[in-house]
Amino acid sequence: MYPDAPEVELLDTRPPRPGRRWRQALVGLVVLAAVGALVVARSGDDGSPGPSQPSSPPPVVTTAPAPSASTIPGVITSPDVAFTRIGNTVYAVDNGVLITVDLQTGLRRTWPPVPEGDRYALLADPSGRTVWLVAATDTRTVVESLNASTLEVGGQARFPSPYLDAAGLGGFLYVGTAAGVSVVGTGGGSIRYPAPALGGKPLALAADPTRNRVLVTVIKKGPIAIGAWPAFERRPETLTRSPVGKGDLVAAGGRIWAAGFGQHAVLVRLDPRTLRVVRHSPLEGELGNGGVIVDAGTRHLLVRPGETASDLWCIDAGSGAVVRHWGGAAGAAALTARGVVLLAPGAPLELLRSGACRG
């Protein structure tokens, strides 16, 4: 099916666990600048169908009522929260409530209700002007574009299909559902933009802003594929056999990594041109039957053997070599300029003793 694909046996994979994508792709951003909160140092060990089209409701601009405000000891109260960050402001859906947190003052504000959903995602547009809110159930996906300053709703798009993943690129949101990938602008669903023609169902999406393209793993007849679609192009510039089944994709600092589950863990760096494996991280042997990338920076990645696991590793983003290991580090972890920050529900931020591991 993919003549350029290497002869690699595809690993058997297990389905992703509930909520897997919500924390991993988004929670890492929430605390990148949040080290102004209470900090406690801890030591560590070195060492087929076409894409569904959104419905087109009339343009909606909703003025958000004034939020309530309070100062609380922890940024979050729920163990499973969708996050994103712009500057010193954190945006989150915490127990079904949209909140913002000022990382300089610690002030938490509660905003008007969000669309009903069983799962949520938040993504910040690189321009800093828009926050994308995704509310999903088992049968439909709602996407809203919010003004980052006022949280006014600028547009809405609805999809009659469950949400799988999304990636923001160039002021647009690439939304992956069980029916394919669609592209949404800040005005909502009234305009239909060219989207990747997958010929199957997307599993994971990642923006590759260095090359102005979107990376997608696709399940179709035959082996699971991985491809790269330039912005607003229907056809991929690269399509080959994926080294992982259901797993993660990240692109940071121009480097591309994939992680996943199978008979043993997969943690590999991919060639940007061919998307073939160029390096296996030596950490693969420590991760059991699966690996999860919880955050990615230009120099380092944070990896766990599972999203709820307490073991946490920092690896070099170039070689995959282990830089640092922490045991008993349960919670959401993120790379910052000062080191690795750990966040548990209702608890103050904790700055791990990180050595060279920084964002």
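The values are calculated or read from the model by the stated rules, or taken from the named source; none is laboratory data. The model shown is predicted, which means the values in this text are computed figures rather than measured ones. Cβ sites come from the backbone with ideal geometry, for glycine too, and all protein chains shown count toward neighbours.
Quick notes on this one:
- If the condition is being crowded, with 23+ Cβ neighbours inside 10 Å and either closer than 16 Å to VAL277 by Cβ or of a type in the set (Gly, Ala, Ser) (or both), then segment 196-226 contributes ALA204, ALA206, ALA207, LEU215, THR217, ALA225, ILE226.
- Summed over segment 304-359, the residues that are of a type in the set (Asp, Glu) and modelled with pLDDT of 95 or more give a count of 1.
- None of ARG234, ARG158 is over 19 Å from the mean Cα position of the chain (by Cα), under 23 Å from THR141 (Cβ atoms), part of a strand (DSSP E or B) and not small (Gly, Ala, Ser) except ARG158.
- Within the set GLY285, GLY297, GLY291, the sole residue that is at pLDDT below 95, small (Gly, Ala, Ser) and closer than 18 Å to ARG353 by Cα turns out to be GLY297.
- For ASP316: the one exception among (1) within 11 Å of LEU301 (Cβ to Cβ); (2) under 22 Å from the mean Cα position of the chain (by Cα); (3) surrounded by 20 or more Cβ atoms within 10 Å (Cβ to Cβ): (3)
- Some residue of segment 193-208 being part of a loop (DSSP other than H, G, I, E, B) and of a type in the set (Ser, Thr, Tyr): yes
- The residues in segment 281-297 that are under 7 Å from ALA265 (Cα atoms) and among the aliphatic types (A, V, I, L, M) can be counted, and the count is 1.
For (1) of a type outside the set (Val, Ile, Thr); (2) surrounded by fewer than 18 Cβ atoms within 10 Å (Cβ to Cβ), each residue gets a yes or a no:
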site: ALA92; (1), (2): yes, no
site: ILE99; (1), (2): no, no
site: ASP102; (1), (2): yes, yes
site: LEU107; (1), (2): yes, yes
site: GLU116; (1), (2): yes, yes
site: ALA121; (1), (2): yes, no
site: ALA136; (1), (2): yes, no
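- Residue check, THR139 closer than 19 Å to ILE99 by Cβ and either part of a loop (DSSP other than H, G, I, E, B) or of a type in the set (Ser, Thr, Tyr) (or both): no
- The residues on offer are ALA330, ALA321, ALA334, ALA265, and the sole one that is closer than 20 Å to PRO79 by Cβ and more than 18 Å from the chain's Cα centre (by Cα) is ALA330.
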